[in-house]
Amino acid sequence: MTTVESRRTPGAVRDAERWTAHNYHPLPVVVAEADGAWVTDVDGRRYLDCLAGYSALNFGHRHPTLIAAAHAQLDRLTLTSRAFIHDQFADFCRELAELCGKDLVLPMNTGAEAVETAIKVARKWGYRVKGVPAEQATIVVAEGNFHGRTTTIVSFSTDPEARDDFGPYTPGFRTVPYGDLAALEAAIDDTTVAVLLEPIQGEQGVVVPPAGYLPGVRELCTRRNVLFVADEIQSGLGRTGETFACDHEGVRPDMYVLGKALGGGIVPVSAVAADSDVLGVLRPGEHGSTFGGNPLACAVGTQVVRLLRTGEFQRRSAALGAHLQAALRDLVGQGLVAVRGRGLWAGVDIDPALMTGRQACERLAERGVLAKDTHGSTIRLAPPLVIEKHELDFAVAQLAAVLR
C-alpha cells in the first residue's frame, strides 16, 4: 500500500501549480494511465471517470479501434497541411457529411475553432446570399451559453468569469433568454444571419430546453431566412442517446458544429457540416488551418464516425442514461434539489446549505469517482458511453454517501 510519505501526487500537483498559468482549478488527481471508463493516478489509485473529458471521451479511454487507427496512421503520415490533399481526407469528410445528412464538411481542430468557423461562414452567407448590408450582420445567441473562450466568443458570453477583463468585445451579437421563442423572434431582424444555440446547454449545468423549443427555432429560422447553427460539440455524437441532441425533436439545423468526441479522445478534431449553399460561400484563402483535417485526425475521426454508424453507442447512452437519470432523481430531497439531463449526461444541483459543487467533487474523488462542478453547487456527470450499469450504480452510491 502506498504510504502518505511515498505518494507522488502532492509533488506532481505542486509542480503543475508552479509551472502553469492558473487558467484551470483542477482537482488534485494526477492521472497516469486509463482504460475504458477508469483512470489510474501516479500512486496507483483507480477512479471511475464520470466526466469523460467534457464528452471528448465518449468512447472511453483508449478505445481499441481508435487506438489502432492512430497507431497505423502514425507509421505512415501525420501532417501535410491543407496545401496538399492526403489519402485520409476525402473519406473522413464524406463519411462525416453523410452522418450529418449534409453536403459538405470543413474540418478544424478545437471546438472553439469550429464555432469561429461557423460564425465566419454565417456572416459570409449573410452578405453573399441573404444580402445583408456590409458590416451589419448580427447573430442571436442565448444567455448561459458556452461556445468557447476566444475573444469573439467570450464577447457574447454571459458568464463573468469567461468575459470580464477581456474586452473590448466583438460586436454583432444579440443575447436572449434560453428557451424563450418569443424573445428569440423579437431579436431577429433583416440583419440577422444566424441563431447559434446549444441544443442542451452543457457548461450551464446540462440545461435541457422546453419541449418544442428546438422545432420552434427551426421554424422561425426557416420563416425569417436565418441559419440555425447547432453547437453539438458536447451534446453530439451519441452523448444524449441519439447521434445529435437535435434528433430528439426531429430537428435538422442548417449547420452542425462538432468537436470533442470527434477526435476519440486521441487528437483534437472539430468540424462544421452544412449543405453546399451554406459552406459553399467560402473561397480559397478566406479561411483555413494548418492542422485542420490532418491525416492523423482524419484517420481517427473516420473510425469515430464508423463507430457511430452502428448505433451501438447511441443505444447504450439511451438505456444506461435512463437508468442513471432515475437513480439520480431518487436522491432529490436527500441532498439534491434538482436533476436535469438526457442520455448519459446529467446536471445535478446540490443543496447549497450542504456544500459547494467543488466540495462535492473533491469528496467524490476521495471515494474514487471523478466529476466536475459548475456554477456554485452544480456538478456534471458525463461518463464514457462504454460504462457498465454496475459502474453507474457505484458512482451514484458514492454521490449518495457524499450527501449524507
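Quick note: the coordinates plus some simple rules give every number you see, no bench work behind them. What you see is a predicted model; the values in this text were computed from it and never measured. Here Cβ is always computed from backbone atoms with ideal geometry, including for glycine, and neighbour counts include all displayed protein chains.
Take each peptide in 362-372, 67-77, count the other Cβ atoms within 10 Å of every residue, and average; sorted highest first, the result is 362-372, 67-77. Looking at segment 77-309 alone, DSSP beta bridges between its own residues are antiparallel in about 40 percent of cases. By the rule of a C-alpha distance below 13 Å, with chain neighbours fewer than 8 residues away ignored, the aspartates and glutamates paired with Lys260 are Glu113, Asp231, Glu232. Amide H contacts of Val42 (H built 1.01 Å from N, in plane; Pro and chain starts excluded): Val30, Ala32 sit under 5 Å, all sequence-distant by 5 or more or on other chains. Peptides 279-292, 86-99, 189-202, 16-29, ordered by how many other C-beta atoms sit within 10 Å of their residues on average, highest first, read 189-202, 86-99, 279-292, 16-29. Note on Val31/Phe84: beta-carbon distance plugged into 1/(1 + (r/R0)^6) with R0 of 45 Å gives a FRET efficiency of 0.80. Using R0 = 51 Å, the C-beta based FRET efficiency linking Ala400 and Leu74 works out to 0.70. Residues within the reach of a label modelled at Val337 (point 7 angstrom out along Cα to beta-carbon, backbone nitrogen below 15 Å), restricted to segment 362-379, are 374-379.
In square nanometres, what is one fourth of the surface area of the convex hull spanned by the alpha carbons of segment 1-100? With the hull built on Cα positions only, its mean projection is 10.1 nm². The simple spin-label model puts a point 7 Å past each Cα toward its Cβ; for Ala182 and Arg46 those points are separated by 5.4 nm.
Computed from backbone phi with θ = phi - 60° and the Karplus coefficients 6.51, -1.76 and 1.60, the 3J(HN,Hα) list for segment 321-334 is x, 4, 5, 5, 4, 5, 5, 5, 4, 5, 8, 5, x, 10 Hz; x is used for glycine and proline.
For the chain, what does -39500 (n - 2.57) per DSSP helix run (n ≥ 4), summed and divided by total residues, give at 222 nm, in deg cm²/dmol to the nearest 500? Rounded to the nearest 500, it is -10500 deg cm²/dmol. Each label point was placed 7 Å from the Cα along the Cα-to-Cβ direction; for Gln136 and Glu17 their separation is 5.5 nm.
Placing dummy labels 7 Å off each Cα toward the beta-carbon, the span from Val129 to Asp330 is 4.9 nm. Segment 256-310 and segment 73-122 have Cα centres lying 3 Å from one another. The Stokes-Einstein estimate for segment 77-309, based on a Kirkwood radius over Cα pairs and taken at 4 °C with 1.567 mPa s viscosity, is a diffusion coefficient of 73 µm²/s.
Remark on segment 201-240: hydrodynamic radius 11.5 angstrom, per the Kirkwood mean of 1/r across alpha carbon pairs. Helix 295-309 and the longest principal axis of the Cα set of the chain meet at an angle near 80°. Nearest 0.05, what FRET efficiency do Ala162 and Asp393 give at R0 = 35 Å with Cβ-Cβ as r? The computed FRET efficiency comes out at 0.50.
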